[in-house]
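Note sheet for the following structure.
No lab work stands behind these numbers, since they all come straight from the coordinates. As the structure is a prediction and not an experimental result, all values here were calculated from the model. Counting neighbours? That spans all protein chains shown, and the Cβs are built from the backbone with ideal geometry, glycine included.
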Amino acid sequence: MKNSKAFTLLELMAVLTIISVLIGISFVNSRIIIDHARDSKIKKQLNAVREAIEVYKTDHRGDLPKSLNELCPKYINRLQMGWEGSGSQGIIIYDPVEGIVKLGLESGKPADSYQKPYADY
């Protein structure tokens, strides 16, 4: 019997299998984290627009802006009308009569990565 110090094929395959499983798990977790980050970005973007409308209202004796473009650049630096979430995309919709800002879905699933509908943002 030989006294070999090399790894057997079975041992190498077991190590490669374990490494593959760990890579697969980390890929799934990173995908979830990216989706959550996109959804958080949308919420922050929407809240920034809502806050800018409130400041505009205060400065203009309760009057609402006729369009979101009136908020730039004094109340909000850059207005991005489009949004992209976890598997969905759309535009920001503004109602100048009510002063309501919400998300309009153009394509994709209607809920975020937490299963909360984008319409409820």
- State, to one decimal in nm, how far the label point of Ile93 lies from the label point of Val28, with both points 7 Å from Cα in the Cβ direction. 3.6 nm
- Whole-Hz Karplus couplings 3J(HN,Hα) for segment 67-77, θ = phi - 60° and coefficients 6.51, -1.76, 1.60, Gly and Pro as x, run 8, 5, 5, 5, 7, 8, x, 5, 9, 8, 5
- Go ahead and run the numbers for FRET between Lys109 and Thr8, Cβ-Cβ distance against an R0 of 35 Å, rounding to 0.05. 0.15
- Message: Testing the spin-label approximation: label points 7 Å from Cα along Cα→Cβ at Met81 and Arg50. State their distance in nm.
- Response: 2.2 nm
- Query: Once phi is turned into ³J(HN,Hα) by the Karplus curve 6.51 cos²θ - 1.76 cosθ + 1.60 with θ = phi - 60°, what whole-Hz value does each residue of segment 48-53 show in order, with x for glycine and proline?
  - Reply: 5, 5, 4, 5, 4, 5
- Of Lys41/Lys66; Lys41/Lys109; Lys44/Lys102, pairs whose Cα-Cα distance is over 22 Å: Lys41/Lys66
- Message: Normalised by the empirical 2.2 N^0.38 Å for globular proteins, what value does the Cα Rg of the chain take?
- Response: 1.81
